[in-house]
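The values are calculated or read from the model by the stated rules, or taken from the named source; none is laboratory data. Bear in mind the structure is a predicted one, so any value in this text is a computation, not a measurement. All Cβ positions, even for glycine, are placed from backbone atoms using ideal geometry, and neighbour counts span all protein chains on display. Heads up: the accessible areas ignore ligands, DNA and RNA and are worked out on the full protein's heavy atoms, side chains in. Shrake-Rupley method; radii C 1.70, N 1.55, O 1.52, S 1.80 Å.
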Amino acid sequence: MFDWNGLGPAVDYVGLNNFKEIFGDKVFMKAVTNCLLIVVLSLGIQLPLALALALMVGRDLPGRAFFRMIFFMPYVLSEVITGIIWMSLFNADPSRGLINALLILIPGVQPQSFLSDLNQVMFCIFIVLTWKFFGLHMLLYLAGLQNIPREIEEAALIDGANRWQLTRHITIPMLGSTIRTVIQLSVLGSLTQFNLVWVMTGGGPVNASEMMATYMYRFGFRRYLLGYGSAVALVMFVDLLDLLRAYMRLARQEEY
């Protein structure tokens, strides 16, 4: 995905050897893989669930104002506080961690080391990210639903369309611009995620939860390898630019 063309002075300033070392580092490639995993999970699970819930809450659901408030409240919290809260919930000690305290109530289930398990840590982080940003995506979808004229939906219902047909052929297509905006924000947030990961795991255990932003911070600000850290930042910038440019071109074609 990384494009060397057109970088010019930036590559010369940072140093070409730093770029070669980056792409030869297995930890950096692991960080890239983790970022892409979060992107895939967000697009495949988080955003569709937010859209489904927005369609439910945006309709004549009893107590919809209460549900809107409940789901949006986590977004108000800072990412540092969110990370600290979920570190406590994921604590491996059942006397300190609520999740393990509930798990051991199930016969035959042992306490889990969520944030210390190489196979579970990224999925735990995704759960926290979903809890944190789910309300924002839902609110954006709700804002998009408010712009859909009720007359169009009522006309479709009079013509014999059921709720599924109404949602598939009218509501979702008319939410196209909102969906594209939510996807862009989700991809940007997933590829540049730092605060939650750094607070909860610091990129561990054994670099299992390393992200590109934590990798850049570790080398650029903790080890004071500013040239290497700048190279990582430049790679992140170009990758994000390429992804957004490709996505905008595809979305524009679909809109036309």
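What to note about this one:
- When the helices (runs of 4 or more DSSP H) confined to region 161-253 are screened for residues that are open to solvent by 30 Å² or more (accessible area, probe 1.4 Å), those reaching at least 3 such residues are found at 163-166, 176-191, 195-200.
- Pairs, first within 21 Å of Val206 (Cβ to Cβ) in region 18-42, second among the polar types (S, T, N, Q) and in a helix (DSSP H, G or I), C-beta under 6 Å, six or more apart: Ile38/Ser190
- Condition met for Ile106 (under 16 Å from the mean Cα position of the chain (by Cα) and either over 23 Å from Leu36 (Cα atoms) or part of a helix (DSSP H, G or I) (or both)): no
- Checked against (1) in contact with a Ser or Thr (Cβ under 8 Å, 6 or more places away or on another chain); (2) modelled with pLDDT under 90, Met122 passes all but condition (2).
- Sub-8 Å Cβ pairs linking a first residue in region 74-87 that is in contact (Cβ under 8 Å) with a residue 40 or more places away in the chain to a second residue that is surrounded by 14 or more Cβ atoms within 10 Å (Cβ to Cβ) and of a type in the set (Gly, Ala, Ser), at least 6 apart or interchain, are Pro74/Gly135; Tyr75/Gly135, ordered by first then second residue.
- Inside region 32-79, residues that are surrounded by fewer than 15 Cβ atoms within 10 Å (Cβ to Cβ) and outside any helix (DSSP H, G or I) make up a count of 7.
- Counting the residues of region 144-154 that are outside any loop (DSSP other than H, G, I, E, B), open to solvent by less than 80 Å² (accessible area, probe 1.4 Å) and modelled with pLDDT under 85 gives 2.
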